[in-house]
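The values are calculated or read from the model by the stated rules, or taken from the named source; none is laboratory data. Keep in mind it's a predicted model, so treat the numbers as computed, not measured. As a convention, Cβ positions derive from the backbone with ideal geometry for all residues, glycine included, and neighbour counts pool all protein chains shown. The area values use the complete protein model at the heavy-atom level, side chains included, leaving out ligands, DNA and RNA. Shrake-Rupley method; radii C 1.70, N 1.55, O 1.52, S 1.80 Å.
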Amino acid sequence: MSHRYKKSEHLLNEALELIPLGAQTFSKSKTQFPYGVSPYFVERGDGSAVWDIDGNKYIDFINALAAITLGYNDPDVTAAVSKQLLSGVTFSLSHPLEVQVAKEIIAMVPSAEMVRFGKNGSDATTGAIRLARAYTGREHVAVCGYHGWHDWYIGTTARNLGVPETTQKLSHTFSYNDLDSLKKIFLTYPGQIAAVIMEPMSAEFPLPGFLEKVKETTHKEGAVLIFDEVITGFRFAKGGAQEYFGVMPDLTTLGKALANGYPLSAIAGRKEIMKLAEDVFFSFTFGGEALSLAAAFATLKKIQNCNVVDVISKLGEKIIKGVNELIIKHHLQAILTCIGHPTRSFLIIKDHSAYSEWHIKSFLLQEMFARGVLTLGTHNMSFAHQESDVFNLLMIYDEVFALLNTALSSNSLEQQLRCNVLIPLFKVR
Ligand code: PMP
């Protein structure tokens, strides 16, 4: 047991007896954090930093899987939540905050005319799919990207254990920036596709006209276009990727950044389709939970008033530029590149002649965690990140890339791993 993560590893081993996987989220589990060189439990967060239960401090570039856009314990959000806490959390009637937050979303997200709330992103994506099926009277859907844990989506991935085959047969995957792969689905299931749901962007930028052509094809075929903006919403621009790229979907799913880490998601979109939610069943006990709504109201106001997207974009641009310069400096261009939107960039890893991308990723995580940086390969920016955080990140990459170069050129990477090599969860992006 390594000393640095002693308490984390001890608690993980206890947790594994009580909680399958020892975590509630695959991306926070030992499947993604290599055992022996990783923290597993966090004690607290403040601004851009978190502390694990062993007392190690990290600059966080995971930011709760992109749910944190303002930073941990943001003073405005904490104040709004504290005030709301004193007057109640969940009630027997709706709370006025539902109307207030709906108004903010409609003001910010260009295609939003009506809004319904959920808790997780998966609530929103599944609700949107059900609305699209009800609206079109069709059953099949085309998917591109990641859309949550529910049957209709996860059945299309390698993690489809427990999903009925009949459900799997209704969902069809197409590839990003490959219009023909979408057209093929429409050709194979003529008049049967209810919805095209996609992340408007993940790591790769859309090719010129791609999103526009997806919209045109979807509408020509009588299907509903859903942009899954659970990650891009309120991050790529105040109005999300649809504002950034100037392409409006029929429905939008939102989550993550909506409430700076409080559990809230939403479906927003055209009135004609949203109105169907009066009959389509989308309803849950905690749908109008007021702490998260208070958090969302404060978060959305701050995103609008403090130029949050511009600030985090500028910092994020420095990361993309700086990391790519370091990749060249350390002669790692054949296996590494840093791409993506500045508010959420990715260190993309390719196989090396002697080692798989998973060997290299395990090595990089081992060395980054040891130096106090939390990343899973992404740089999810928050308003709390400072220039000094970016400076430190680049300094640490400089050290770690030098080690990687040496390990690769001396063929000793495997010997230098103090953990098992990561195993891919599934690849959907
Ligand atoms: N859509 C996208 C684009 C996501 O990134 C996620 C979560 N990573 C989801 C949907 C599902 O959200 P949740 O995990 O909150 O259900």
* To do: Being over 19 Å from ILE68 (Cβ atoms), surrounded by fewer than 24 Cβ atoms within 10 Å (Cβ to Cβ) and within 14 Å of the ligand (Cβ to nearest atom) is the filter here, so list the residues in segment 243-286 that pass it.
  => PHE284, PHE286
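Identify the residue in segment 217-242 that is in a loop (DSSP other than H, G, I, E, B) and of a type in the set (Asp, Glu) and, among all such residues, is farthest from the ligand (Cβ to nearest atom).
Per the stated criteria, the residue is GLU221.
Test ALA268 against the stated conditions and say whether it is in contact with a helix residue (DSSP H, G or I) (Cβ under 8 Å, 6 or more places away or on another chain), touching a residue at least 40 places away in the same chain (Cβ under 8 Å) and over 24 Å from GLU139 (Cα atoms).
Details: in contact with a helix residue (DSSP H, G or I) (Cβ under 8 Å, 6 or more places away or on another chain): yes; touching a residue at least 40 places away in the same chain (Cβ under 8 Å): yes; over 24 Å from GLU139 (Cα atoms): no.
No, not satisfied.
Report yes if some residue within segment 392-414 is polar (S, T, N, Q), under 16 Å from TYR58 (Cα atoms) and over 21 Å from the mean Cα position of the chain (by Cα); otherwise report no. Let's see the steps before the verdict.
Applying the first criterion (polar (S, T, N, Q)) to segment 392-414 yields 392, 405-406, 409-412.
Applying the additional criterion that residues be under 16 Å from TYR58 (Cα atoms) yields 392.
The next check asks that each one be over 21 Å from the mean Cα position of the chain (by Cα); those that pass are 392.
Yes, there is a match, as at least one residue in segment 392-414 is polar (S, T, N, Q), under 16 Å from TYR58 (Cα atoms) and over 21 Å from the mean Cα position of the chain (by Cα).
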* Asked: Does segment 208-215 include one or more residues that are open to solvent by 60 Å² or more (accessible area, probe 1.4 Å) and part of a loop (DSSP other than H, G, I, E, B)?
  -> yes
* To do: Could you list, in sequence order, all residues of segment 1-27 that are under 19 Å from the mean Cα position of the chain (by Cα) and either open to solvent by less than 60 Å² (accessible area, probe 1.4 Å) or in contact (Cβ under 8 Å) with a residue 12 or more places away in the chain (or both)?
  => ALA23, THR25, PHE26, SER27
* Determine if segment 194-203 includes at least one residue that is in a loop (DSSP other than H, G, I, E, B), farther than 28 Å from GLU104 by Cα and more than 16 Å from the ligand (Cβ to nearest atom). => no
* To do: Select the helices (runs of 4 or more DSSP H) contained entirely in segment 45-154, then report the ones holding at least 1 residues which are in contact with an Asp or Glu (Cβ under 8 Å, 6 or more places away or on another chain) and either within 16 Å of the ligand (Cβ to nearest atom) or open to solvent by less than 40 Å² (accessible area, probe 1.4 Å) (or both).
  => 121-136
* **Selection count, segment 137-181, where residues are free of Cβ contacts under 8 Å to residues at least 60 places away in the same chain and over 21 Å from PHE426 (Cα atoms)** => 6
* Do you know which residues across segment 155-187 are modelled with pLDDT of 95 or more, open to solvent by 80 Å² or more (accessible area, probe 1.4 Å) and more than 16 Å from the ligand (Cβ to nearest atom)? -> LEU161, GLU165, THR166, LYS169, ASP180, LYS183, LYS184, LEU187
* Structure fact -> Requiring at least 2 residues that are of a type outside the set (Lys, Arg) and assigned by TED's automatic domain parsing to the domain that holds GLY45, the strands (runs of 3 or more DSSP E) wholly within segment 260-362 are 336-341, 344-349
